[in-house]
Amino acid sequence: ADSQTTRYDWSWKTKTTEHRFDWGWHDGGYTFPPADPLPCTQDCFDNVLFIPGIKGSVLKVGDDTLWPPTVLSDDLPQLALTPAGESVNDVRVDGILNEFCISLLCVAVYSPFSAFMDDLVATGTINKWEPLAYDWRYSPEHAAKEGVLTPHGLTNVVQQIEELAADSKSGKVTIVAHSMGGLVGKAIIKRLEQEGKADLISSFVMVGSPQLGTPQAIAAMLHGDGEILGFGFIVNPRHARTLSQNLPGAYSLLPSSTYFSKVSDPVITFDATASFTDPWRARWSNTINTYSEMFEFITGQGVARTKPNEALVRLPEVLNSNLVVNASNFHNEYDTYLFPTNIRTIQISGWGRPTMEAVNYTENHLMPGYKSLWTMEGDSTVVYPSSISTADAEIYFLNLELFNKNAQRDVQHVNLLNSLPIQEILSSAVKRKSVNETTYVSTLKPSPTTIEPQIIISAHSPVILGAYDQFGNFTGINPSQNLSSEILTITENIPGSSFVYTSETQGIFLPKNGSYQIVYKGIGSGPTTVTIDSMSADVTTSISQYSDMPTTNNTIATFTVSETESGAAVINLDLDGNGTIDNAVVPDGTIPSLNELIILIKQKILALTAKDKLKQNLIKKIEALENTIANKKIRNAKILAHLDAKALKQSAKGKISAADADMVITLIDTLESQSDSVSFDVSIITQLREKILALNLKTATKNDLLQRIANLENIEGLTRSLANLTIDISRKASNGKLTDVDAQALIDLLGQVENAI
């Protein structure tokens with residue numbers, strides 16, 4: 001412009017916003033005062049701030065990454081806080097955890113979600129999204145109050161939201177929070193409200209957030225279980241428990257007092273048959289189902305106990321009472337917090353995955369220990385009532401059981417944000433649209449009766465557990481890795497399966513309608529107990545148990561379970577890993593069949609520490625006993641066939657009535673159904689004898705039939721063979737050719753054979 005009085009209005013459009021500037025002459029020079037951007041009129045969507053869950057941010061000291069940890073490192077101890085809450089090292093936050101990598105194996109954590117958010121930007125749906133990585137070791141309020149210390153300096157969270165809102169089409173921000181990020185998000189929104197800036201937030205979406213805490217945190221804090229978020233890896237429970245003791249962030253995940261008003265089920269139970277629980281039961285009865293009782297127990301009050309040795313993770317830790325109180329104060333402030341009315345609040349609960357609902361203290365291998373009690377009404381970490389506790393908020397359930405089964409996926413708490421149904425909800429929230437219910441997403445909680453019945457295989461230390469389905473898919477701890485490593489990988493490739501673990505126990509949930517090969521491998525020496533349970537409509541029923549089986553570092557065990565065979569499964573033990581089955585274990589309380597006992601005796605003989613010639617001699621005698629048993633079965637079958645034919649013949653001649661013949665034949669058929677045995681049900685034999693005596697037959701015919709029945713009962717040859725074997729084994733023990741222990745084990749098995757006969 002060449003005139004001081006001329007004004008020119010200029011406007012232009014960038015990719016997303018129209019700008020208008022009024023250029024004018026002022027004080028002898030040109031001025032460029034920008035006017036306000038024109039208001040957005042179409043697709044005015046929010047920018048997004050993402051808050052990850054606990055252990056979802058990368059933590060570093062200098063260039064050294066402490067979280068996620070590396071194998072054979074001292075990373076975890078360097079993350080410790082002092083009891084006063086001070087970081088031992090200068091730890092900085094360096095972004096969210098997109099992948100969790102150990103050696104060459106990487107598991108996606110937030111990378112698929114990050115790609116989804118990047119696509120919203122690339123397609124012009126939103127201008128920008130930013131992750132708010134934070135130091136998850138501290139209280140959820142820490143980031144809002146103190147900011148986030150990064151390698152580039154201190155991030156002011158409120159300022160970050162202001163800048164994100166300023167660049168947003170709508171001038172507002174949607175906050176998406178996962179897991180513990182929901183608690184952090186609540187604290188941030190309250191801080192904005194206190195500063196009069198809550199109108200910067202359009203929507204707040206909580207995905208799987210333990211708003212009231214969750215029982216899984218009790219097991220994590222007291223025993224090092226589950227790492228709260230495992231990312232497909234098992235971190236040494238001893239180190240995990242030690243690290244958690246001074247972390248306010250971990251304490252914030254313990255069930256709050258409000259939790260107990262929403263959930264009637266106890267969070268801790270005590271086995272009345274375990275004597276070590278007597279003092280606890282005297283104080284709290286058999287269950288802990290109030291906050292005050294839980295506070296007493298976890299802090300070692302009410303019934304005093306000392307902190308256990310670091311390595312004894314089966315014994316409950318004594319938690320820092322000050323940090324428990326601080327976490328309680330946090331929940332008292334935020335559990336009932338009402339969001340500003342201008343903020344749309346959405347809470348999403350994952351549902352249909354095995355989730356810990358209580359710690360049950362019981363004996364394992366005659367030692368004080370514990371196990372987890374499970375429910376399907378959660379996302380594998382958070383039980384559903386905790387994740388939907390905010391009043392006046394939209395509630396949505398993602399049916400993980402159905403989605404995983406149909407999509408052949410393994411979606412659970414840790415990777416909820418990577419699933420398409422969750423991303424569709426987030427897209428609706430960002431676009432300010434209503435959320436549509438689908439096959440997998442509903443506003444009403446699904447019923448446990450809709451969940452496919454499960455078989456639960458559990459193994460108590462010292463083994464690793466895995467399962468293969470008929471197609472070769474594997475679920476469990478990968479047996480081909482270095483099993484002495486501090487960090488082990490887990491796989492869940494069987495459709496509809498889940499792997500769960502504690503410091504004491506591993507468990508595999510499997511669809512009940514399949515057939516599976518179960519394998520476990522020893523990683524230490526000691527007894528192993530395996531249990532098989534079923535779960536239907538969220539009710540667990542015991543099927544069978546195999547107690548205190550011997551295990552060494554070389555032990556490999558296999559067995560098959562299916563809907564029809566679970567209760568009778570036989571565990572084949574290869575004690576030394578040489579490929580030879582050393583023992584076949586039947587369920588506790590089961591009386592083995594004759595065939596099973598013979599197999600057990602042979603396996604025991606082959607495993608003896610004796611000369612090969614002696615073992616071969618004993619095997620020959622057992623095989624001779626087998627032949628005697630087989631011949632007896634053949635004779636029994638001939639006798640029963642003769643009795644059957646005789647009854648039909650006498651009936652055809654009119655010597656006995658059709659009704660009497662039918663009764664005799666029915667009794668004979670019952671005996672034939674016991675053909676695997678060499679002796680028969682005494683009551684059936686007695687009924688058959690009495691019926692024959694009552695028949696109107698010639699004396700000679702009756703005597704012939706009665707003699708044949710007597711022959712059925714005659715097992716003198718078998719008992720004589722067993723007695724001779726027992727004497728022979730005792731003699732070899734007295735001559736030093738067999739140890740007393742081995743000899744007694746064989747004699748005990750022969751005694752079982754005699755009982756079966």
Protection proxy ranking, peptides 716-726, 401-411, average beta carbon neighbours within 10 Å, highest first: 401-411, 716-726
Order by protection proxy (mean Cβ within 10 Å, highest first), peptides 354-367, 425-438: 354-367, 425-438
Length gained when the stretch Asn436-Asp612 is fully extended (0.36 nm per residue, less Cα-Cα span): 56.0 nm
Folded to 0 to 90 degrees: helix 658-672 orientation relative to the chain principal axis, Cα: 60 degrees
Carbon plus sulfur fraction of accessible area for the range 231-320, probe 1.4 Å, in percent: 51 percent
Residue-count net charge about Val325 - beta-carbon cut-off 14 Å; Lys, Arg +1, Asp, Glu -1: -2
Efficiency of FRET between Glu452 and Ala658 - r from beta-carbon atoms, R0 51 angstrom, step 0.05: 0.55
Spin-label zone in the range 637-677 - amide nitrogen under 16 Å from a point set 7 Å from the Cα of Thr701 along the C-beta vector: 642-665
Listed residues Thr450, Thr125 arranged by accessible area, highest first, probe 1.4 Å: Thr450, Thr125
Label assignment, Rg/Rh (Cα atoms, Kirkwood Rh) derived from the structure, set [x] 0.99; [y] 1.15; [z] 1.07: [y]
Residue (of Gly224, Leu417, Leu132) at the positive-pole extreme of the chain, dipole from beta-carbon charges: Gly224
Accessible solvent surface per residue of the chain, calculated while the other protein chains remain in place, 1.4 angstrom probe, Å²: 43 Å²
Helix-only [θ]222 nm of the chain, DSSP H runs n ≥ 4, -39500 (n - 2.57) each, per residue, nearest 500: -10500 deg cm²/dmol
Descending principal axes extents, the range 653-714, alpha-carbon based, whole Å: 34, 22, 17
Exposure ranking of Lys621, Lys186 by accessible area [1.4 Å probe, largest first]: Lys621, Lys186
Cβ charges +1 (Lys, Arg) and -1 (Asp, Glu), total dipole of the chain, debye: 2940 debye
Difference of contour (0.36 nm per residue) and Cα-Cα distance, Val682 to Arg409: 92.8 nm
Sequence-separation-based contact order of the chain, relative, with Cα cut under 8 Å and 6+ spacing, percent: 8 percent
The range 137-226, accessible surface, carbon-and-sulfur percent (1.4 angstrom probe): 45 percent
Cβ-based charge dipole, the chain, positive-most Cα from Gly249, Asn326, Ala637: Ala637
Alpha-carbon centroid distance for the pair the range 666-706 / the range 390-409, whole angstrom: 62 Å
Inter-part distance where the range 569-583 and the range 530-549 are each reduced to a Cα centre, Å: 22 Å
Full-extension gain in nm, Ser292 to Glu193, via 0.36 nm per residue minus C-alpha separation: 32.4 nm
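The values are calculated or read from the model by the stated rules, or taken from the named source; none is laboratory data. It should be emphasised that the depicted structure is a prediction, and the values quoted were computed from it without experimental measurement. Cβ atoms come from the backbone with ideal geometry, glycine included; neighbour counts cover every protein chain shown. These area figures cover heavy atoms from the full protein model, side chains too; ligands, DNA and RNA do not enter into them. Shrake-Rupley method; radii C 1.70, N 1.55, O 1.52, S 1.80 Å.
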